[in-house]
Amino acid sequence: MNNFIFQNATKVYFGKDCVKEYLGSLTEPYSTVLLAYGGGSAKRNGIYDEVTGILKANGKKIVEFSGIMANPTYAKVQEGAKLVREYDADMILGIGGGSVMDCCKAVSLAARYDGNIWDDFWAKPGVIGTEPVPLGVIVTVAGTGSECNGGAVITNEEKKVKTGRDYPRLNPGFALMDPTYTYSVPVKQMVSGGFDILSHIMETYFSEPNEDNVSDDIMEALMRSVIRNLRASIQNPEDYTARSNLMWDSTMAENRVIKMGKKCDFECHNMEHQLGAYTNCNHGCGLAVLHPVYYRHIYREGLPKFVRFAENVWGIARGGKSDEELALAGIDALADFIREIGLPTTLKEAGVTDKSQLKEIADSCGISAGAYKKMTHEEILEIFNECFE
Ligand code: NZQ
Ligand code: ZN
């Protein structure tokens, strides 16, 4: 294992009715709450009413920050920061998925920073001394794991860049996670979030070290859990056990635990983020298209791990197969699963329709230093072309 330091500052309150039970006391120290949410699902499924009821009963002044879009933009971050300053909000409470949570983290820092926060934080990996506005999140869809990390993935539309990094100071102070809140997530979004979880685990698993390490063992169990519980949630969206497991799988995949001692790849994320920056495509859908194709490009460089993946995650028996055949059977099983759960298999299906843009997008992608095989922009373009239709 590589050396590491581990800390996670987010306190998690997990389970049915956790919002009713804990939100009042968690917001007790604050007077004015910036209440952030997305395009309206929280109003339709009753979560908004439940939350505002608790805040009002506890005498909080509420400042509304609504309409946070999927793939939140830097302009939206500035809008939220302005509201925090204007109303002197002393706390931010986000209700939603990765987009709301990421936007809230970004706002929490931007509201307190005097300089150009894009240039000083997103454009370069420097340290920002500013203390962010205290943040709590209420998770309504499983996927990104943003509730327990410091990632704030933001799209700068002008610069055509979608980026973020795990900045520990941006971990929410608390995360309320009631699996029943995810019952109303449309199946398409549920499977997209589910694939994002799987992707976070795979992007970490398929990297050095290859020798015995506890992170890889945990990840195999997590991947089996995501696959099993995603299938069960499709069968019955109100299966509490399946939804709970999926929700915690999502946190476990991105709360740093599995990354300890690992190099991490995340090249598919680099590619998907730039596809998102240019086309606003859905994160999980873009990832689903890219992964099998990317893995067929890199499996030879990470052969022993791809063999383990086939055997320990998909339960494929070796039979008379060579290592290479077994590795490819594992990648085929992943591709079959993507089709089975109804995710797109081409970029066109994922909403990336203009082939002439692909070179520019490929050239804009970051190159991972932790991957089994270091990509070039030419090879990324090859992958995009193979994925296109
Ligand atoms: O906007 P509303 O109306 O609320 O609807 C949302 C949205 O349309 C809907 N939704 C959420 N909870 C619901 C619900 N609909 C019904 N019932 C509920 N309970 O779901 C849709 C998608 O929400 P969004 O937050 O965009 O999805 P997700 O959680 O997948 O977040 C995606 C964003 O997170 C970033 C992605 O790049 C993308 O911008 N990521 C953040 C990461 C992090 N911070 O660690 C890591 C990831 O790799 C990822 O990059
Ligand atoms: Zn992701």
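The values are calculated or read from the model by the stated rules, or taken from the named source; none is laboratory data. Quick caveat: nothing in here was measured; it's all calculated off a predicted structure. FYI the Cβ positions are ideal-geometry reconstructions off the backbone, even for glycines, and counts take in every protein chain you see.
Which strands (runs of 3 or more DSSP E) does the range 7-71 wholly contain that include 1 or more residues that are under 27 Å from the mean Cα position of the chain (by Cα) and of a type in the set (Phe, Trp, Tyr)?
Details: elements: 11-14, 32-36, 61-65.
Of the strands (runs of 3 or more DSSP E) lying wholly inside the range 7-71, those with at least 1 residues that are under 27 Å from the mean Cα position of the chain (by Cα) and of a type in the set (Phe, Trp, Tyr) span 11-14, 61-65.
Look at the range 79-102 and say how many of its residues are within 16 Å of ligand 2 (Cβ to nearest atom), in contact with a Phe, Trp or Tyr (Cβ under 8 Å, 6 or more places away or on another chain) and assigned to a helix (DSSP H, G or I).
So the first thing to find is which residues in the range 79-102 are within 16 Å of ligand 2 (Cβ to nearest atom), and the list is 96-102.
From the residues that got through so far, the ones that are in contact with a Phe, Trp or Tyr (Cβ under 8 Å, 6 or more places away or on another chain) too are 96, 100.
Remaining after also requiring assigned to a helix (DSSP H, G or I): 100.
So the count comes out to 1.
The residue list ILE128, ILE197 contains one member that is aliphatic (A, V, I, L, M), at pLDDT below 95 and either farther than 15 Å from GLY94 by Cα or outside any strand (DSSP E or B) (or both), which is ILE128. Among helices (runs of 4 or more DSSP H) entirely within the range 259-347, having at least 3 residues that are touching a Lys or Arg at 6+ places or on another chain (Cβ under 8 Å) singles out 267-279, 323-340. Looking at the range 103-123, can you tell me whether even one residue there is assigned to a helix (DSSP H, G or I), surrounded by fewer than 22 Cβ atoms within 10 Å (Cβ to Cβ) and of a type in the set (Asp, Glu)? Scanning the range 103-123 turns up at least one residue that is assigned to a helix (DSSP H, G or I), surrounded by fewer than 22 Cβ atoms within 10 Å (Cβ to Cβ) and of a type in the set (Asp, Glu).
Being over 30 Å from ILE361 (Cα atoms), touching a residue at least 40 places away in the same chain (Cβ under 8 Å) and more than 10 Å from ligand 1 (Cβ to nearest atom) narrows it down to one of MET202, MET177, so name that one. Please lay out each step first, then the result.
Details: MET202 fails: over 30 Å from ILE361 (Cα atoms).
Answer to the selection: MET177.
Residues in the range 373-389 that are over 14 Å from PRO292 (Cα atoms) and not charged (D, E, K, R) were compared, and the one that is surrounded by the fewest Cβ atoms within 10 Å (Cβ to Cβ) is THR376. Residues in the range 96-116 include none that are in contact with a Leu (Cβ under 8 Å, 6 or more places away or on another chain) and among the aromatic types (Phe, Trp, Tyr).
Within the range 1-29, the residues that satisfy the criterion of being closer than 17 Å to GLY53 by Cβ and of a type outside the set (A, V, I, L, M) are ASP17, CYS18, LYS20, GLU21, TYR22, GLY24, SER25, THR27, GLU28.
For the range 61-71, a residue qualifies if it is farther than 10 Å from GLY38 by Cα and not aliphatic (A, V, I, L, M), and the qualifying residues are LYS61, GLU64, ASN71.
Quick test of your reading of the structure: ARG165 fulfils all but one of (1) more than 13 Å from the chain's Cα centre (by Cα); (2) of a type in the set (D, E, K, R); (3) more than 9 Å from ligand 1 (Cβ to nearest atom). Name the failing condition by number. Here ARG165 meets the rest and fails (1). Among the residues of the range 203-254, those identified as under 22 Å from ARG165 (Cα atoms) and of a type in the set (D, E, K, R) are GLU203, GLU208, ASP249, GLU254. All conditions but one from (1) farther than 20 Å from PHE266 by Cα; (2) assigned to a helix (DSSP H, G or I); (3) of a type outside the set (Ser, Thr, Tyr); (4) without any contact (Cβ under 8 Å) to a residue 40 or more places away in the chain apply to GLN357; the one that does not is (4). Here are ASN312, ASN270: which of them is under 14 Å from the mean Cα position of the chain (by Cα), modelled with pLDDT of 95 or more, more than 10 Å from ligand 1 (Cβ to nearest atom) and not acidic (Asp, Glu)? The match here is ASN270.
In the set ASP249, ASP212, ASP217, only one residue is under 30 Å from ASN3 (Cβ atoms) and in contact (Cβ under 8 Å) with a residue 24 or more places away in the chain; that residue is ASP249.
Among the residues of the range 124-146, write down those that are crowded, with 24+ Cβ neighbours inside 10 Å, aliphatic (A, V, I, L, M) and either without any contact (Cβ under 8 Å) to a residue 24 or more places away in the chain or more than 16 Å from ligand 2 (Cβ to nearest atom) (or both). Passing the criteria: LEU135, VAL137, ILE138. The listed residues are ILE234, ILE197, ILE227, and the only one of them that is buried (at least 18 other Cβ atoms within 10 Å of the Cβ) and more than 15 Å from ligand 2 (Cβ to nearest atom) turns out to be ILE227.
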